[in-house]
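Here the structure comes first, spelled out in structure tokens, and everything after it is commentary.
The values are calculated or read from the model by the stated rules, or taken from the named source; none is laboratory data. Quick caveat, the model's predicted, so the values are computed rather than measured. Cβ atoms come from the backbone with ideal geometry, glycine included; neighbour counts cover every protein chain shown.
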Amino acid sequence: MKVFLTGSTGFVGSYVLRALLDAGHDVRVLLRAGSEKPLATASDAVEIAPGDVTDGDSLVGLLDGCEAVVHLVGIIREDVGARATFERVHLDGARNVVDAATTAGVQRFVLMSANGAKPREDAVSAYQWTKYEAEEHLRASGMEHVIFRPSVIFGRPRPGQPEFASQLAGSLLRVPLAPLPLFKDGLPTVAELAAGLSGSRSSAQRNLAATGSGIELQPVAVENVATAMAQAVDGDGHANTTYEVGGRDRFRWGEMLDVLAAASGARRPRRKVVLPAALIRLLLSLPVVRSSLPLTTDQLDMLLAGNVCDEGPFFRDFDVDPIWFGRESLTYVRRA
């Protein structure tokens, strides 16, 4: 099958390209001018197509002869100066690719959305509603489609690529003795403040890791996501389905930080303190802080809303072996 792939030079895209080729597909990859990074995989089965998802005219004819599309292009933070906004990239970009696919007679469209995608009136960020409206445009097209809504995705990145676990470990764990932040809406309780002052190995600190932040995440391995997306391009049982995608384990924020600290080579638990989300928002308004943390105020609001899902249908319908979020799968965050 000939598959049209966007986002092939990104973190997830490099894995999806490999998975598509391993499944025996020929792949036509869209590359935007100025972003022609070397592809992670070189193969005679890969064809390069210059174009830009935000420029509908550049896509004319590029999808001719393709039977399926996998659309991955997305951003995690906006760069207004570069015109890289959520609305322009997520919504306008997806509309352009969907419309070009419809014109070309593509049979199936596989879309990377996001866990928490929801209508504008219910969303806590533009990230969420632009992802949702991209889904709605695809559904309205009448094409067979499969939509993936992943929680946070982890896995070994190529050099220079942003990746959740390595960015978090690099920013929060690089100062060995600094306490790790647990943030929550409202003010910390007296017990939480006392726990923050206790030793890193105390029972109060262990309880704080599990309860000091209401944030829950469900990290899913990039290999699992890529394998499923490759299967989705021609799987008979997946048509017109939206899948919530998460790993098999749920982690409180503090528990996840403990896993990352252990994977990075920390010899003892790290002390944690509970900080009000309002304080984090204030700090993120300072350029020096904003540039050093892999977190925006939008992302903070989405984290506070939670990022977990029902992963059962995903693992039931796709032939993937779950990769657990733990020391063995996080060797790439270990400090030299």
- Task: Report, by residue number, each residue of the stretch 111-148 that is within 14 Å of the chain's Cα centre (by Cα) and small (G, A, S).
- Result: S113, A114, G116, A117
- Task: Filter the stretch 149-161 for residues that are over 10 Å from the mean Cα position of the chain (by Cα) and touching a residue at least 12 places away in the same chain (Cβ under 8 Å) and give the result.
- Result: G155, R156, P157, R158, Q161
- Report yes if T227 is closer than 23 Å to A123 by Cα, modelled with pLDDT of 95 or more and among the polar types (S, T, N, Q), otherwise no. no
- Which of (1) surrounded by fewer than 19 Cβ atoms within 10 Å (Cβ to Cβ); (2) under 22 Å from M256 (Cβ atoms); (3) of a type in the set (A, V, I, L, M) is the odd one out, the single condition A126 does not satisfy? (2)
- Taking V146 as meeting all but one of (1) within 19 Å of I75 (Cα to Cα); (2) crowded, with 19+ Cβ neighbours inside 10 Å; (3) assigned by TED's automatic domain parsing to the domain that holds R28, write down the number of the exception. (1)
- Item | Odd one out for V27 among (1) surrounded by fewer than 20 Cβ atoms within 10 Å (Cβ to Cβ); (2) more than 23 Å from A82 (Cβ to Cβ); (3) under 24 Å from the mean Cα position of the chain (by Cα) | (1)
- Assuming E133 fulfils every condition listed in (1) surrounded by 24 or more Cβ atoms within 10 Å (Cβ to Cβ); (2) in a helix (DSSP H, G or I) apart from one, which condition is it? (1)
- Query: Using beta carbons and a limit of 7 Å, which pairs, at least six apart or on different chains, have the first residue in the stretch 58-83 and outside the structural domain of L111 (by TED's automatic domain parsing) and the second one crowded, with 23+ Cβ neighbours inside 10 Å and not in a loop (DSSP other than H, G, I, E, B)?
  - Reply: none
- Counting just the residues of the stretch 248-278 that are modelled with pLDDT of 90 or more and not aliphatic (A, V, I, L, M), which one comes out nearest to N224 (Cα to Cα)? R248
- Any idea which of V46, V80, V27, V73 is under 19 Å from H137 (Cα atoms) and of a type in the set (A, V, I, L, M)? V73
- Can you find even one residue in the stretch 14-23 that is touching a helix residue (DSSP H, G or I) at 6+ places or on another chain (Cβ under 8 Å) and surrounded by fewer than 18 Cβ atoms within 10 Å (Cβ to Cβ)? yes
- Query: Given the conditions (1) basic (K, R); (2) without any contact (Cβ under 8 Å) to a residue 24 or more places away in the chain; (3) out of contact with any Phe, Trp or Tyr (no Cβ under 6 Å at 6 or more places or on another chain), and given that R120 satisfies all but one, which numbered condition is not satisfied?
  - Reply: (3)
- Message: Checking the conditions here, which among R88, R83, R108 is at pLDDT 95 or above, within 24 Å of F11 (Cβ to Cβ), over 20 Å from the mean Cα position of the chain (by Cα) and charged (D, E, K, R)?
- Response: R108
- Which members of the stretch 59-83 meet the condition of being in contact with a Lys or Arg (Cβ under 9 Å, 6 or more places away or on another chain) and of a type in the set (G, A, S)? G65, A68, G74
- Task: Sort through R316, R281, R250 and tell me the only one that's touching a residue at least 40 places away in the same chain (Cβ under 8 Å) and farther than 21 Å from Y132 by Cα.
- Result: R250
- Message: Let me confirm something: among V245, V333, which residue is crowded, with 18+ Cβ neighbours inside 10 Å, out of contact with any strand residue (DSSP E or B) (no Cβ under 6 Å at 6 or more places or on another chain) and modelled with pLDDT of 90 or more?
- Response: V333
